[in-house]
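Undergrad: Here you go, one structure.
No value in this document is a laboratory result; all are computed from the given coordinates. Since the structure is predicted, the reported quantities are computational estimates derived from the model, not experimental observations. Glycine gets a Cβ as well: all are built from the backbone with ideal geometry, and neighbour counts include every protein chain shown.
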Amino acid sequence: MDLRASIPSRERLIITLDDVPSTLLIPLAARAFGDAIFPTFAAGDAYAAPALRKMDVDVSPFLRDKASVFGVLSRTQVFRQLTSDFFQRYPHAIGANLGCGLTHYFQWLDNHTNHWLDADIAQVMQLRKRLLPAPRKRHLNALVDLSLPGWWQRLGLPERSSEVPVLVMCEGVLMYLEAYEVEHVLQEFGHSAPAGSEMLFDTLSWLAIGCAAMHPSVCHTHAEFKWGSKNLRDFTAPHPRLVLRSEHSVMDGYDVSMALACTCFRALWGVPLYGIVRLSLHD
Ligand SMILES: C[S@@+](CC[C@H](N)C(=O)[O-])C[C@H]1O[C@@H](n2cnc3c(N)ncnc32)[C@H](O)[C@@H]1O
C-alpha cells in the first residue's frame, strides 16, 4: 500500500531526514493509520494522518510490521495515562517531550492550566513547523540535542528550587543515544529537576544493541540501537536522587507468545525486553 497515491504530488513535501530522525516516521505511521488495525488501542491522533499525507514518503513497510504498529499504539496509551496521572497531581506543572518527533500529546493533555514543551533536533523541528499547527498559549516548541549536556538550562526548564514540577518524557529516543549520553541525560534530570518531577521513557534491553538491521521497521531507516538496559540500576545509578517508581509493559497485549516472551525475559534477565520506565526523585 502506497499511501501517497491519493495525494496530489504538488501538495507533497519532499523530506530529507538523517537516519535517526527518520525513525519518527515509524510511530507517525502507526498513529496515523494503526487505529483501524488495533481499534481497542486506537490513539485517536488528530494530527498524524494529515501530517503524513502532506509528505512524499511511503510508510507502507512500517504498516506491514504489525507488532511495531501495536507497540506504538500501546506505548502511546501508557504515556498518556502516566502523563495524565501526573497532571492530576500537579495541574499547573510543565510537561516536556524531548525527541518529540511529530507527536502532539498536548491535544490530549491540555487541562487549561498546565504547560507543554515539544523539543527535538533542528531538522525535526523545522518539519514540525511545516506539518503541525503552530503551538498556542501554554504550548511551546524548542530545539534540543540530548547528546549535549546543559539541555535543562538551555530549554529554560524550572530550577531545582522551583515549586513547579516537570514531567520529562522521551519516547522512542534513548535507544538511539550512546550509553554515556543516556547516563548524562538521567544525571542531568536527577541534578536539575524540582521536587515532584518525573521522567518517563521506553527502554529496550541490551540484547537489541547493534541489531536494528533485524528490526522489521527500523531496518528501513538505517538508524542503530546503541543503548539498552542490562540492569535496573542503569536507570537510577546516574544520580542519587533518582528512584525507579514503576515499570510498564507495552507488548503484552499483542498476542500470547509475545506476552510469554516478555514475561520470561523479564524474569530471567531482570530488565524489560521492551517497556516503559517511570522515574521520580527522592525528595
Ligand atoms: C523513533 S523517533 C520518536 C519520535 C517521537 N518521540 C514519537 O514517539 O513519535 C526518535 C526521535 O528521537 C529524536 N532524537 C534522536 N536523537 C536525539 C537527540 N540527541 N536529541 C534530541 N532528539 C533526538 C529524533 O530526532 C526523533 O524525532
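Undergrad: Could you check which residue among ALA42, ALA195, ALA237 shows the biggest mean-square fluctuation in a GNM of the chain with a 10 Å Cα cutoff?
TA: ALA237
Undergrad: Another one. Which listed residue (HIS222, ALA179, LEU117) has the Cα farthest towards the positive end of the charge dipole for the chain, taking +1 on Lys and Arg C-beta and -1 on Asp and Glu C-beta about the Cα centre?
TA: Of the listed residues, the answer is LEU117.
Undergrad: Could you compute the FRET efficiency for LYS129 and SER60, with r as their C-beta to C-beta distance and R0 at 30 Å, rounded to 0.05?
TA: Given R0 = 30 Å and the Cβ-Cβ separation, E is 0.70.
Undergrad: Translational diffusion coefficient, Stokes-Einstein: compute it for region 124-260 using the Kirkwood radius over C-alpha pairs as Rh, at 37 °C and 0.692 mPa s, and state it as an integer in µm² s⁻¹.
TA: 193
Undergrad: To the nearest µm²/s, what D does Stokes-Einstein give for the chain at 25 °C and 0.890 mPa s, using the Kirkwood radius over alpha carbon pairs as Rh?
TA: 128
Undergrad: Moving on. Hey, can you grab everything whose amide H is under 5 Å from the amide H of ALA142? Only 5+ residues off in sequence or another chain; H modelled, so Pro and N-termini drop out.
TA: Long-range HN contacts for ALA142: ASP118, ALA119, ASP120.
Undergrad: Non-local amide H neighbours of MET169 (under 5 Å, H modeled in plane, Pro and chain starts lacking H): which ones?
TA: Under 5 Å from the amide H of MET169: ALA96, ASN97, LEU98, LEU200.
Undergrad: For LYS129, give me every one of the lysines with a C-alpha distance below 19 angstrom, ignoring sequence neighbours fewer than eight places off in its own chain.
TA: LYS54, LYS137
Undergrad: If you don't mind, another one. To the nearest 20 debye, what charge dipole does the chain have about its Cα centre, counting +1 at the Cβ of each Lys and Arg and -1 at the Cβ of each Asp and Glu?
TA: Dipole magnitude for the chain comes out near 580 debye.
Undergrad: If you don't mind, there's one more thing I want to ask. Can you compute the modelled spin-label distance between SER161 and ALA36, with each label point 7 Å from Cα toward Cβ, in nm?
TA: Computed distance between label sites SER161 and ALA36 equals 5.6 nm.
Undergrad: Quick check on packing: order 71-77, 250-256, 12-18, 118-124 by the mean number of other C-beta atoms within 10 Å, highest mean leading.
TA: So the order, starting with the most tightly packed, is 71-77, 118-124, 250-256, 12-18.
Undergrad: Considering only the chain, what is the antiparallel percent among its DSSP beta bridges, to the nearest 5?
TA: So the antiparallel bridges in the chain amount to around 40 percent.
Undergrad: Ordered by residue, what ³J(HN,Hα) values in Hz, to whole numbers, does region 173-178 give under the Karplus form 6.51 cos²θ - 1.76 cosθ + 1.60, where θ = phi - 60° and Gly and Pro are x?
TA: The phi angles translate into 10, 5, 5, 8, 9, 5 Hz.
Undergrad: Amide H of ARG245: which non-local residues (sequence gap of 5 or more, or other chain) have their own amide H closer than 5 Å, using H built in the peptide plane?
TA: Distant-sequence amide H within range of ARG245: ARG278, LEU279, SER280.
Undergrad: Right, another one. When the Cα centres of region 177-194 and region 113-131 are compared, how far apart do they sit, in Å?
TA: 21
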